[in-house]
Structure formats: structure tokens, C-alpha cells
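Please treat every number below as a calculation from the coordinates, not as lab data. Predicted, not measured: the structure shown is a model, and the values here were computed from it. With ideal geometry, Cβ positions are generated from the backbone for all residues, glycine too; neighbour counts draw on all protein chains shown.
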Amino acid sequence: MELMSMLILSVALSLPGSSTPEQRQVLPPPFCGELSQTDCQILVDAQALMMEVGSITLDWQVETAISGIPDLADEDLHFETAMTMNVRLDPLWREQFNALMTDSPEELLDDQGEFTQKAVDLYENLDMELDMQMTLPAVLSQIMEADADLVLPDTLKFEMRMVDGYVYINMDRVAESDPTLAAEMQAAGIEGWIGFDFVSLFEQQMGSAGEAPDPALLGSMQMGMAFDQMMADESVRTLLESYRSIERLADEERDGTPVAIFRTSFDLARLVANPDFTRILRETADSLVAASGETIDPQELGMAILGVQLVANVLTRSFEFQHVQAIGVEKPYLYDESTVLEMDLSGLVTLLEMSGEEMPPTLRDAQPLFNLTVETHYANFDSVPAIEAPEDAEIIPLDSLDEDNLDAIL
């Protein structure tokens, strides 16, 4: 249940168009650095326009890889996710989201019933369809099989729709992941679309009938919002902006439409070496602790922050990051954005060796390099057709599902 809830919530909170005109007044402006006023205005206009988009298609591709480990082939540590998603945002949902995001995490904790109701309103007014495929690293499959006696297919496929608070899952698409799984599902008569009342299930899990909400789900939501709100703080933004740079590159075209290209880079190594980085870590930790509602020993928290800073100093010595955006020149829609991150993990291996811990054989003499690439393409601005529930879906009553069945589905 937590995985499904967080997936849908993450989609809702991260997409353009997820705020109201009133909220635009308090959103932090885009980072412009030393761009000209004309170039900066393109970014400002794009932010405003994308917040008004009521429906959108998103194509998202993520690749992560680790290379440089002698005993492992590079493909053994390669992970890919490809996802296509259509989203329609109801105006009522925007109002509820605006109210949700203007509250502090502490206020949400004080009134968990109100938080639950706002989240329910969000799910009821968000229609989406999603088709996702994940290619898993061979090493992960081997570890899962050895530790949990669970055989994972090389590729996982998942198709879902959310309409009027109901979630629908295409079991035929799930079966495509593995012939053995497909045979088992066919023998059990499982096929086609299944659906269930997600909102009612969510309310049960959150304890809307006066019971204590699910702490893991509630905590994840509130901690995520706490971090977002902290990153919007003016003092934190001012500090971070001194380590960022942005430039406008040569214009390009997307499907015949001229687009302006902006590239942003971030000097994390220089930030980590600055004493202000400790303050950021402390503020981040304080925000997350406050959002969790838990009490943590200050000395333990201080040691954890010191450890994070030590690891960060080691990891960021060869850190490279850039974010590229393609924005329409005539009408400033965001058409594409990509993020590329590269990090040499050799320093981390050295740190482990110095700690005296026994090194796994695969890491001896290793010089691992981590790469992450995220590419997103946006299209069909305000022109996504209505998302309909599958006509032949079998609706599963919630009272017929026990906890194990719920975990299997969600």
C-alpha cells in the first residue's frame, strides 16, 4: 500500500500544473544566475505557463550504472526504467493541493485527520494512466534469489490507470514480465484488468475512522514535504545559488518548434568543503526530524551529520552534475529536461578499507564509477484525452482481500 500511495503522490507533486494561481506568488523564482534579463524571463514565463497546464503527457527514462568493478561485467550493474504517463488535473484538486502545501509539516502532524482528507481529495481528483518497464541489474536478481529465495525476471512490466479514486492494473501486462509467472496466472484464471477502490483503501490504511494513521506512509509524505519546503527557504536558496551556474546554449528545434536550451551545473564539491554545508545538513535533519514527530538524541544526530559530511567530502571530489532544459521560444512550454550525474566511488572504497571493515571480494582493487541519466519529454499540453476506466475490469471488493493479498497487489 505504501509503495502505490507514494508512487501516485510523487507523480502528483512533481508534475507541472500542480498548483493554483494564488500559490504562484509564494513559489521561489527560477534560478537565473548571470543570464540576461531576456533569457531569465523565458525561465520565469515557462514556470508560470507550466503551472497552468491542466493535462500533459510525460515520457520518462532513467538509466543508472556502476562500472569499474573487475569481477562484474558493466551490464550486471545496469538499471533502466522507461515510463509513459498521461495525467489530467482537476481544478478542485489544485485547490486542495494548494491548501495542503501551505501548511507546515508540524501543522499537518497536529491535525492528521485534515491531512488525510486533503490527500483523499487529491487522489479523487487526479486521473492518470501509466505504462512502465524496468530492466533490473543481474546482480540485484542474484542477491534477491540468494537471500529471499525470490526469482525476479530481468524485466518488470506494469500498466496502471487511476480514475475517480479507483486504481486499475493490467494483469496481462504484468504477465509479460516472465513466462513462468504468466503460466501461473493463466492456471489461476488471472487475466485482464483488475480494479479496487484505492481511496477507500487509503482511508483505511490512514486510520480515518479515528485510529492511528499508518506511521510509515504518513511519515514518508510529511518528510518529503518538509524537505521541499526547506529547499524553498530563501536563505538556503541564496546559499545554494552561489554554487550553481547557468548558461543559454544554441537554440534547437523540437518537432519543428524552436526551443531555447539552458544548461545548469552545480559545484557540489566546493559546497561540501564550505562550513555552510554543515548548516544545511543540520537544517535538513531538523526539518525531517520535526516532520517525523520522533525524538532523536542530539549527540547521535550530531554524529550522523558528521558521518554524512565525511562521506560527502570523499564522494564529491569527482562529482559532475548538469541539468538541461528545452523551452519553447514562441510559447514557453517545457518540452524536454535531462539530468546527468557522474560520481567516482573509489574514495568510498578507500574509506571502507581505512575503517578496518572486511571488504567484499568484488570490491578489492575496484574503481567504481556511478552514472545516472534522467530524461523527460513533455507533450500534449492541455490536450490529453479523457482517461477512462477499463470497460472489462474486474472490481475486487476490499473486504475480500487480506493484508498479504494487499501487499502482493500494491
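Along segment 336-345, what does the Karplus equation 6.51 cos²θ - 1.76 cosθ + 1.60 (θ = phi - 60°) give for ³J(HN,Hα), rounded to whole Hz, x for Gly and Pro?
9, 8, 9, 10, 10, 10, 9, 8, 7, 9
Between Asp297 and Asn371, what is the label-to-label distance in nm when each label sits 7 Å out along the Cα-to-Cβ direction?
4.4 nm
Please give the net charge around Leu268, taking every other residue with its beta carbon less than 14 angstrom from that of Leu268, where Lys and Arg add +1 and Asp and Glu add -1.
Net charge around Leu268: -3.
Under the classification rounded if a/c is under 1.5, otherwise prolate if a/b is larger than b/c and oblate if not, where does segment 289-379 fall, given a ≥ b ≥ c as square roots of the Cα gyration tensor eigenvalues?
oblate
Could you please report the charge total around Gly302, scoring K, R as +1 and D, E as -1 over all other residues with beta-carbon less than 12 angstrom from its beta-carbon?
Overall, the nearby charge balance is -2.
Could you compute the net charge surrounding Thr84? Neighbours are other residues with a C-beta less than 9 Å from the C-beta of Thr84; K and R count +1, D and E count -1.
Details: positive: none; negative: Asp59, Glu129, Asp131.
Here the charged neighbours net out to -3.
So, R0 is 25 Å and r is the distance between the beta-carbons of Asp45 and Ser235; what FRET efficiency does that work out to, to 0.05?
Numbers: r = 27 Å, r/R0 = 1.06.
Working from the Cβ atoms, E equals 0.40.
So how do 59-69, 384-394 stack up, highest first, on mean other-Cβ count within 10 Å?
Going by the mean number of other Cβ atoms within 10 Å, highest first, we get 59-69, 384-394.
With r defined as the distance between the Cβ atoms of Arg279 and Arg317 and R0 fixed at 25 Å, what FRET efficiency is calculated, to the nearest 0.05?
My answer for the efficiency is 0.75.
Evaluate the charge dipole of segment 241-304 about its Cα centre and quote only its size in Debye, nearest 20, assuming +1 on the Cβ of each Lys and Arg and -1 on the Cβ of each Asp and Glu.
200 debye
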